[in-house]
Amino acid sequence: MPQPVPPRARQRRAGLSRSRAGYRARSRSRAGLAVALLSAAMLLLSACTAGYTARDDAGAAPAGSLTVALTAAPSNLDFTTTSGAAIPQALMGNVYQGLVAVNEDGKLVPQLASGWQVDSSRTVYTFELQPGVTFSNGDPFNAESVKFSVERVKSAAWSNGLKSGMDVVKAVEVRGEHTVAITLSRPSQSWLWTMATLVGAQFTPNGTAKLATQAVGTGPFTVTSWKPGQSLTLTRREHYWGQPAAAPQIALRYYADPTTATNALRAGAVDVVAGMQAPDLLPGFQKDAGFKVTEGTTTGEVVMSMNNQKAPLNDVRVRRAVLHAVNRKAVLDSAWAGRGSLIGAPVPPTDPYYEDLNNAYPHDPAKARELLKQAGVDGSTITFSVPDLPYAVAAAQVVVSDLKKVGLNVKIKQQEFPAVWLDQVLTKHDYQLSVIAHVEPRDLLSLLSKGYYLGYDSSRISELAAQADAGDDASYAANMKKVVRRAVVDDAVADTLFLLPNLNVMRADVSGMPVNAPTTALDLTRLTKTGQQGDAARSGDAAASGNSARSERAARSGDAARFGDDAASGNPASSGGEGA
Amino acid sequence: MRTPLLLVARTLVTLCAASVLIFVLLRLVPGDPAQVALGVDATPELVQATRERFGLDRPLVVQYLEWMGGLLTGHFGTSFVSGQEMSAVVLDRTAVTLWLALPSIALALLIATVLGTWAALRRRSVDGLVITVGSQMLMAVPGFLAGVLLVLGLSLGLGWLPPSGWVVPADDPAAFLAHLVLPVLALTAVQAAILTRYVREAMLEVIGQDYIVEARSKGLTRGQALVRHGLRNAAVPVLTVTGVQLSALLVGAVVIESVFDVPGVGSLLVEAVAGRDMVSVQGIVMVLVLITVVLNLCVDLLHTVIDPRTRA
C-alpha cells in the first residue's frame, strides 16, 4: 500500500492537538494529582529506609565475626510460652544456660552448677553454684535466682508443654548464696537431664518482663539485634563468667530457601549453613576444597504415626504389616538423599536406652500380606495425612507405593503444616496415617503418653516407665529399653522411618561447629574462623573442633560409639548409629 | 467536587468490606495461633490458657472493634506471635516490595511497548514471530527459575552481582542497587513477556481501525501512524492489565523474595499465615487492599488522561 510522504507541518499539528488534550485532562484531575504526589513523597521517604525492620541493626560486625545460615526462624525469643526447636536452637547455651548441660556426645556436664550431690533417697539434689556469675543485665546469679527459675516453670507463666518435666519437683530450698537444694517427690532419672534442656534455663526475676523480645541470660552471648523471620545477632559478652566465646559476634540468618543459603555461602555472605535441609546440594561442596561438610546426628525422629485408636490400624497385626511393608531404606533415600540413619525406634543413638531395632521388622512384603490377610483388611483404603513439608511428601510417596504392593490402598491428604496438621492430627486425632519429625530430645515417653495423637495404650508401659525413672542408672537404661521393646516391637505403636541427619556446610577455615545435635540447642561458643582469631586452638570439644574431615560418614560411626556412654551413668554403648 | 467524595466513599466501603472479610476468613480456616505456638507438646489446658493470653477467647465483635479502633489510630496491633507492634514492620516490608515491583513493572512496560509494537507491525516477518514466540516461552518460565538462572549466570558464574540479600537504600545506595538488580531483572523478564503479548494484541486491534487508515491516508507511514495514534488507543487495555499485574506482583513476588532473600511483604504474609498470626495477616491484607484501590484509582485517572472519551 503506497502512501504519500507526510509533510512535517501536519506531524506538528497532530502533536500539538494531542498535548492540548493532555493539558485539559491534567487540569481536571489536579486534585487527584496532588493526592498522588503527596503519597508519592511519603512513599519516597519510606523507600529510602526500606527494609530497616528486617536488617540487622547490631552495627558493623567486628573482625572475626561469623554468619550462620539456618532454616526455621524463631517466631519470638520466649521458649517459656512458645514451643518448637528454633528458639532453643538460637538461645540455649548461647544466651541462656542451665545448672547442667548436655555436651555434644549426649553426656551431662556441669554448667552453672560446679557440682551436685544426690542424697541416699535420690530425691534431694544439692547444687553448688558457680560463683561470680552475672546475668547480662548485671543481676547476680545465685541460689535465689535458681529458686525463682525452677518455681517459675511450675507456675502459669510457662505454657510450653515441656514444663511437665519439672512436675516432679516438690521444693526448692536456698541453703546459702551459692547452694541450693531441690527436692523431688520421687526419685527421677530423667529430671536432671531435663534440667539441661530449655526447661532448666536460668532466669533473673528482673529479666522476664519482655521475654518475647528481650532475652536476659547468663550465657557467653547477648542478643544485640533480632529481626523476626530474618536474623538474630549474638554478640560476645564482656563480663562473662566462664571462657569467653571464640567469635566476637555471630549473626544467625534465616533462609526460607536452601539453595539461596548455599549460594550465599558460595558468595561469601555466610560462613556456615547449619542444619541443611537440601542434602542433594551437598555433593557439590564435598568436591570443593574451599568448603567442608559435616554429618552428625540429631534428635529428630521422623515418625510415621498409625492411629492406634482407629480401624483398621487399631489392630496390631495391621500395624505390624505396615512395618514389614515399608522399605525404610528407600524412604530415607528418597526423603533425605540417603543421609540420616535408620533407627527402628523413636530413640536416637545419643540416648542411653538406644538399641538397634532395625531388625525387628525387616522389609518383608510377603509377611505383610499374610498379616493383613489374618486381620481381614485386604484391599481396604487408608487416608494418609501428610504435612506439606518436603521430606514428609517424599517419604509418603514411597510409603504409598510400598503399601499398595501389599494390598493396602493409601490416599494422600496433604495438609498445611503447622497450623492445619496440629489442628486435625495432633489435637483432634482425626487421621489414620501421618508422618512428622519429632525433634524434642528424649521424647519417647511423651509420644507414648495417654491422650497423645498416636493413640497408644499407655497402660502397657506406664509401670515399666515409672520403674525406669525411679531406678538407679543401670536399671533406668535397662527398663527404658524394655519400654521401647514393648511399645515399638510388641505393640508396633508407630513406624520410625529414620533419624534426621545434622548436615552442616561451612567454609574450610571455620572451626568449632558442633557436628551432632543431641538437644535442640546449637552451641556456638567455640565457632570461629581460623587465622582470624587466636581462639581456635582453645576450642574445648574435640568433636566440635577437630572434625575437619570432609565427608563424615566414617567419622560418624566413631561418634556413635562415643554416644553410648549413658548421659547419667556411663553405661557402655549398646551399638553404633549406622542403621543401613 | 462530587467525584472525589465519591471516590473516597468508595475506597472506605471497599476497605471496610475487606476488613470484615479477612477477619472472618482468618477465623474460619482451620488452625489456631495458640496451637501453633505450643506445637506438638501442647495440652488442651495450655492451649486454652494461651488463647486467653492472646485474647482469642473474647467475643469476635469485641476483637474486631478493638482491631478497627487500632487501625483508625494507625496501629495494626501487637503480634501475639512475635510480640512486635506490626505497623512499622508491615509498612516497611511493603516499601521493600514496592522497590521490586515498581521498577520491574516500569521496565517491563517499556520493553513490552517497544517489542509489542514491533511484533504487531512485523507480525508476518521472522523478527515479529521471534518476539511473539519468545514472549510466549518466557511467560511459561516460572519466576523463580528466571531468578535461579540469573543467580547462576551473573552472580555465581561471572561474579558481577551479589546472589541474594538486601541493603537498606539509605545505608549504602550503591550496594542497595547492586542487590536490587537481579530480583528486578527476574521479575521484569516474566512481566515484560506477559505485557508484550497484551501490547501486541492491542496494537493488532488498533491497526485495523479507521483512524489509522485515515492517518495513513494523510501521509503517515505505518509506523508513524501507529506510534502517534495507535499507541494511545492501545494504551487503554494495556494500562488496565498493567494495573492488575502490579497488584498481583505485590504478593506474587514472594517466590522471588525467597530466591533472593529479599525481606518483602510477600514473605512476611506467608510467614504470618503459616503461624496464624492474625494481627499481622490482617494488617498486611489491609495495606495490600489499600494499595490495590489506589492503583485502580491511578489507572482510572490515567485512562481519562489518555482517552478523552472516558471523561464525563
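The values are calculated or read from the model by the stated rules, or taken from the named source; none is laboratory data. Keep in mind that what you see is a predicted model, and the values were worked out from it rather than measured. Note that we place each Cβ from the backbone using ideal geometry, even for glycine, and neighbour counts take in every protein chain shown.
Just one residue in the set A:Val272, A:Val303 is within 24 Å of A:Gly338 (Cβ to Cβ), at pLDDT 95 or above and within 13 Å of another protein chain (Cβ to nearest Cβ); that residue is A:Val303.
Restricting the range B:275-300 to residues that are polar (S, T, N, Q) and free of Cβ contacts under 8 Å to residues at least 60 places away in the same chain leaves a set whose member that is nearest to B:Ser164 (Cα to Cα) is B:Thr292.
Looking only at residues of the range B:207-229 that are in a helix (DSSP H, G or I) and crowded, with 19+ Cβ neighbours inside 10 Å, we find that the one that is nearest to the other protein chains (Cβ to nearest Cβ) is B:Arg216. Whenever a residue of the range B:150-166 is more than 7 Å from chain A (Cβ to nearest Cβ) and on the phi < 0 side of the Ramachandran plot, its partners that are surrounded by fewer than 17 Cβ atoms within 10 Å (Cβ to Cβ) and aromatic (Phe, Trp, Tyr), lying with C-beta atoms within less than 6 angstrom and at least six residues away or across chains, give the pairs B:Leu154/B:Trp160. Scanning the range A:19-60 for residues that are more than 8 Å from chain B (Cβ to nearest Cβ), at pLDDT 75 or above and surrounded by 14 or more Cβ atoms within 10 Å (Cβ to Cβ) yields a single hit, A:Asp56.
Within the bounds of the range B:121-143, is there any residue that is within 14 Å of another protein chain (Cβ to nearest Cβ), closer than 30 Å to A:Gly284 by Cβ, surrounded by fewer than 17 Cβ atoms within 10 Å (Cβ to Cβ) and in contact (Cβ under 8 Å) with a residue 12 or more places away in the chain? Yes, because at least one residue in the range B:121-143 is within 14 Å of another protein chain (Cβ to nearest Cβ), closer than 30 Å to A:Gly284 by Cβ, surrounded by fewer than 17 Cβ atoms within 10 Å (Cβ to Cβ) and in contact (Cβ under 8 Å) with a residue 12 or more places away in the chain.
May I ask you to verify whether A:Ser190 is more than 24 Å from A:Val293 (Cα to Cα), assigned to a helix (DSSP H, G or I), in contact (Cβ under 8 Å) with a residue 40 or more places away in the chain and among the polar types (S, T, N, Q)?
Answer is yes for this residue.
Against the test of being buried (at least 24 other Cβ atoms within 10 Å of the Cβ) and touching a helix residue (DSSP H, G or I) at 6+ places or on another chain (Cβ under 6 Å), the options A:Ala360, A:Ala335 yield a single qualifying residue, A:Ala335.
Helices (runs of 4 or more DSSP H) fully within the range B:1-87 that include at least 1 residues being over 23 Å from A:Pro88 (Cβ atoms) and not assigned by TED's automatic domain parsing to the domain that holds B:Val294: B:2-28, B:44-54, B:60-72. Examine the range A:454-468 for a residue that is within 13 Å of chain B (Cβ to nearest Cβ) and within 29 Å of A:Thr82 (Cα to Cα), and state whether such a residue exists. Yes - at least one qualifying residue is present in the range A:454-468. Going by the conditions given, is B:Pro59 at the interface with chain A (Cβ under 9 Å from one of its Cβ atoms) and of a type outside the set (Gly, Ala, Ser)? So B:Pro59 fails the test. Of the set (1) touching a residue at least 60 places away in the same chain (Cβ under 8 Å); (2) touching a Pro at 6+ places or on another chain (Cβ under 9 Å), all apply to A:Gly451 but (1). Restricting attention to the range B:241-253, does a residue exist that is more than 11 Å from chain A (Cβ to nearest Cβ), under 25 Å from B:Val130 (Cα atoms) and hydrophobic (A, V, I, L, M, F, W, C)? Yes; the residues of the range B:241-253 include at least one that is more than 11 Å from chain A (Cβ to nearest Cβ), under 25 Å from B:Val130 (Cα atoms) and hydrophobic (A, V, I, L, M, F, W, C). Quickly run through the range A:108-123 and pick out the residues that are aliphatic (A, V, I, L, M) and surrounded by 17 or more Cβ atoms within 10 Å (Cβ to Cβ). Within the range A:108-123, A:Leu108, A:Leu112, A:Ala113 qualify.
Those residues that are of a type outside the set (A, V, I, L, M, F, W, C) and at the interface with chain B (Cβ under 10 Å from one of its Cβ atoms), I need them from the range A:72-96; list them, please.
Selection gives A:Pro74, A:Ser75, A:Asn76, A:Asp78, A:Thr81, A:Thr82, A:Ser83, A:Gly84.
Report whether or not B:Pro169 is more than 20 Å from the chain's Cα centre (by Cα) and modelled with pLDDT of 85 or more. For B:Pro169, the condition - more than 20 Å from the chain's Cα centre (by Cα) and modelled with pLDDT of 85 or more - is met. For the range A:472-490, the criterion of being at pLDDT below 95 and within 14 Å of chain B (Cβ to nearest Cβ) is met by none of the residues. No other residue among B:Ala178, B:Ala146 is more than 10 Å from chain A (Cβ to nearest Cβ), small (Gly, Ala, Ser) and farther than 28 Å from B:Val199 by Cβ apart from B:Ala178.
Within the range A:427-442, being at the interface with chain B (Cβ under 8 Å from one of its Cβ atoms) and surrounded by fewer than 22 Cβ atoms within 10 Å (Cβ to Cβ) holds for A:Thr427, A:His438.
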